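Enquirer: Once you've had a glance at the structure underneath, I'll fire off some questions.
The values are calculated or read from the model by the stated rules, or taken from the named source; none is laboratory data. Since we're looking at a predicted model, the values are computed, not measured. Every residue, glycine among them, receives a Cβ derived from its backbone with ideal geometry; neighbour counts consider all protein chains shown. When the accessible area is computed, the model is the full protein with side chains, heavy atoms only, and any ligands, DNA or RNA have been set aside. Shrake-Rupley method; radii C 1.70, N 1.55, O 1.52, S 1.80 Å.
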Amino acid sequence: MAYEQRQMHQGSWSCSKCGSEITELPFEPDPSRVGQLKCRDCHRQSKNNSYGHKRQMHQGSWSCSKCGSEITELPFEPDPSRVGQLKCRDCHRQDRF
Ligand SMILES: [Zn+2]
Ligand SMILES: [Zn+2]
């Protein structure tokens, strides 16, 4: 397959955050979302900010398949079909070594 260079879309929009002019975008903006566009700087900033966000924990009540202790939160949403294979933090750590 031939590599297609990403086409830039020229236009005149304004950044929803700082108000500066945006003259080109790597995608064709959806008319209904033009009010939410961000300039390159603000886009980069919002990306950096999200790195600082704590990873969302999923609360619940599961039990460890190995030692049986209760698991109240997980860093991911457990697949219902794999709930029987969950391990608590301690057992998980032990498995690694
Ligand atoms: Zn901006
Ligand atoms: Zn355990």
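Enquirer: Taking the stated definitions as given, is LEU25 at negative phi, open to solvent by less than 90 Å² (accessible area, probe 1.4 Å) and within 14 Å of ligand 1 (Cβ to nearest atom)?
Expert: yes
Enquirer: Among the candidates ARG55, ARG33, ARG44, ARG82, which residue alone is away from ligand 1 (no atom under 16 Å from the Cβ) and either at positive phi or not in a loop (DSSP other than H, G, I, E, B) (or both)?
Expert: Values: ARG55 fails: either at positive phi or not in a loop (DSSP other than H, G, I, E, B) (or both); ARG33 fails: away from ligand 1 (no atom under 16 Å from the Cβ); ARG44 fails: away from ligand 1 (no atom under 16 Å from the Cβ).
Going through ARG55, ARG33, ARG44, ARG82 in turn, just one is away from ligand 1 (no atom under 16 Å from the Cβ) and either at positive phi or not in a loop (DSSP other than H, G, I, E, B) (or both): ARG82.
Enquirer: List pairs: first residue in the stretch 86-97 and loosely packed, with under 12 Cβ neighbours inside 10 Å, second residue not hydrophobic (A, V, I, L, M, F, W, C) anywhere in the structure, Cβ distance under 8 angstrom, at least six positions apart or on different chains.
Expert: ASP95/LYS87
Enquirer: For SER20, state whether it is in contact with a Leu (Cβ under 8 Å, 6 or more places away or on another chain), in contact (Cβ under 8 Å) with a residue 12 or more places away in the chain and either open to solvent by less than 90 Å² (accessible area, probe 1.4 Å) or within 16 Å of ligand 2 (Cβ to nearest atom) (or both). So that I can check it myself, show each step before the final result.
Expert: Numbers: in contact with a Leu (Cβ under 8 Å, 6 or more places away or on another chain): no; in contact (Cβ under 8 Å) with a residue 12 or more places away in the chain: yes; either open to solvent by less than 90 Å² (accessible area, probe 1.4 Å) or within 16 Å of ligand 2 (Cβ to nearest atom) (or both): yes.
Taking the combined requirement at face value, the residue does not satisfy it.
Enquirer: From the set of residues in the stretch 6-17 that are open to solvent by 80 Å² or more (accessible area, probe 1.4 Å) and over 21 Å from the mean Cα position of the chain (by Cα), which is modelled with the lowest pLDDT?
Expert: Kept after step one, since they are open to solvent by 80 Å² or more (accessible area, probe 1.4 Å), are these residues of the stretch 6-17: 6-7, 10, 12, 17.
Right, trim to over 21 Å from the mean Cα position of the chain (by Cα) and you get 6-7, 10, 12.
Numbers: ARG6: 70, GLN7: 81, GLN10: 93, SER12: 94.
Looking at the filtered set, the residue picked out is ARG6.
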